[in-house]
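The values are calculated or read from the model by the stated rules, or taken from the named source; none is laboratory data. Here the structure is a predicted model, which is why all the values come from computation and not from measurement. Don't worry about glycine lacking a Cβ; one is built from the backbone with ideal geometry, like all the others, and counts go over all protein chains shown. For accessibility, only protein heavy atoms count, side chains too; no ligands or nucleic acids. Shrake-Rupley method; radii C 1.70, N 1.55, O 1.52, S 1.80 Å.
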Amino acid sequence: MAQNHSSSVRRFFVVALIAAAAVGTVSIPVVAEAQAPAKLMSQVPGYYRMALGGIEVTALYDGHVSLNPGILKGASQETIQDLLARMFVPLSSDGVQTAVNGFLINTGKNLILVDAGAAKCFGPTLGAITGNIRAAGYEADQIDTVLLTHLHGDHVCGLSADGKAAFPNATVYVAQEEAAFWLNPDVAAKAPADAQPFFKMAQASVAPYVAAGKLKKFKAGNAVMPGVVSVPLHGHTPGHGGYLFGSEQQKLLIWGDVIHSHAVQFSHPEVSIEFDVDQPQAVASRKKVLEQASGEKLWIAGAHLPFPGLGHVRRDAAGYAWVPAEYSPLPEAAK
């Protein structure tokens with residue numbers, strides 16, 4: 001009997017509350033719709049670190065440039081478009097987003113920067129390398145060596161700012177053949193008008209180091225410093241080349257501009273790009289180094305591979321394939 005009474009009381013109060021709400025004597029709170037915080041729309045700093053034996057390698061993102069696929073030569077545009085689509089490479093009205101990377105190597109004895117980025121030479125989407133050096137925990141004046149794969153503006157404009165050395169304590173190294181082309185006033189004077197700006201960029205970028213006696217030239221194929229051997233990869237420019245670092249049986253080849261389009265040129269290494277000074281030679285260099293990289297299982301660092309631009313080359317039925325590095329903590333952090 002008591003249970004039936006309790007149920008009746010509960011029903012009474014429920015009915016009473018509904019009735020009161022209907023005539024406005026009781027207000028029922030309304031829960032506001034939840035909202036997420038404002039979107040941040042900012043990216044993490046552009047650096048990624050890995051260990052190579054006893055060497056610390058830090059990939060540095062300078063930014064990106066959009067390249068029209070039409071500048072790729074050696075395959076039909078239909079084939080190129082199919083290859084881009086197969087790799088889900090987004091194509092905007094400006095072209096294909098292409099990364100510009102540099103690499104900072106701490107050997108324990110030297111702090112070496114390979115390529116210095118574009119600074120302000122090619123617009124606002126580039127020029128982040130100095131800020132990312134700081135984000136990675138280093139300062140520009142700690143860098144004692146800069147190795148240049150070649151003297152195109154997106155690799156050298158970051159060497160200087162307002163006529164002063166951006167890396168005041170560094171010695172800059174460049175291959176003899178490369179310097180003989182881009183830094184020679186007679187060669188520059190005979191170049192086509194549309195190529196003149198590229199000569200000016202190269203010359204202005206290295207000028208502070210030339211004035212300070214800190215521009216050093218080396219013969220391609222020779223050791224540049226202990227543990228670092230230059231690797232000739234001519235064709236993209238007359239003295240274009242890479243740098244092979246070794247530590248504890250591991251090897252890393254920083255190969256500059258061997259690949260501009262990862263979606264196309266790994267599977268079709270015969271495809272060149274308009275920027276190649278000697279396209280047949282660039283194709284020959286690419287085929288040779290892809291064979292070496294895959295055969296020796298080298299670590300590879302590429303200036304225009306998707307950031308961080310680190311990984312391996314694998315033989316593939318269609319030629320070669322890019323195997324990007326998987327995110328991994330450093331050994332010290334894992335302990």
Within the stretch 260-271, is there a residue that is part of a strand (DSSP E or B) and touching a strand residue (DSSP E or B) at 6+ places or on another chain (Cβ under 8 Å)?
-> no
Inside the stretch 155-170, the number of residues satisfying the requirement of being within 27 Å of Ser285 (Cβ to Cβ) and open to solvent by 30 Å² or more (accessible area, probe 1.4 Å) is 0
Filtered residues of the stretch 111-131 (kept if farther than 21 Å from Val44 by Cβ and open to solvent by 10 Å² or more (accessible area, probe 1.4 Å)) = Leu111, Ala119, Lys120, Cys121, Phe122, Gly123
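So that you can scan it fast, the table gives a plain yes or no per residue for (1) small (Gly, Ala, Ser); (2) touching a strand residue (DSSP E or B) at 6+ places or on another chain (Cβ under 9 Å); (3) open to solvent by 50 Å² or more (accessible area, probe 1.4 Å); (4) modelled with pLDDT under 95:
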| position | (1), (2), (3), (4) |
| --- | --- |
| Ile273 | no, yes, no, no |
| Ser294 | yes, yes, no, no |
| Lys297 | no, yes, yes, no |
| Pro306 | no, yes, yes, no |
| Gly309 | yes, yes, no, no |
Would you check which residues across the stretch 132-153 are open to solvent by 30 Å² or more (accessible area, probe 1.4 Å), in contact (Cβ under 8 Å) with a residue 12 or more places away in the chain and not in a loop (DSSP other than H, G, I, E, B) and list them?
-> Ala135, Asp141, Gln142
Being under 15 Å from Leu151 (Cα atoms), hydrophobic (A, V, I, L, M, F, W, C) and free of Cβ contacts under 8 Å to residues at least 24 places away in the same chain narrows Phe199, Phe218, Phe275 down to just Phe199
Of those in the stretch 226-239 that are modelled with pLDDT of 95 or more and closer than 25 Å to Asn106 by Cβ, the residue most open to solvent (accessible area, probe 1.4 Å) is Val229
May I ask you to say which residue of Ala99, Ala75 is assigned to a loop (DSSP other than H, G, I, E, B), at pLDDT 95 or above, open to solvent by less than 90 Å² (accessible area, probe 1.4 Å) and closer than 28 Å to Val277 by Cβ?
-> Ala75
Given the conditions (1) within 20 Å of Thr130 (Cβ to Cβ); (2) open to solvent by 60 Å² or more (accessible area, probe 1.4 Å); (3) in a helix (DSSP H, G or I), report the number of the one that Ala202 does not fulfil.
-> (2)
Would you point out the residue of the stretch 78-96, among those that are open to solvent by 90 Å² or more (accessible area, probe 1.4 Å) and assigned to a helix (DSSP H, G or I), that is nearest to Ala59 (Cα to Cα)?
-> Arg86
Cβ-Cβ below 8 Å, separation at least six or inter-chain, first residue in the stretch 279-300 and closer than 21 Å to Ile105 by Cα, second assigned to a helix (DSSP H, G or I) and of a type outside the set (Gly, Ala, Ser): which pairs?
-> Leu298/Gln292
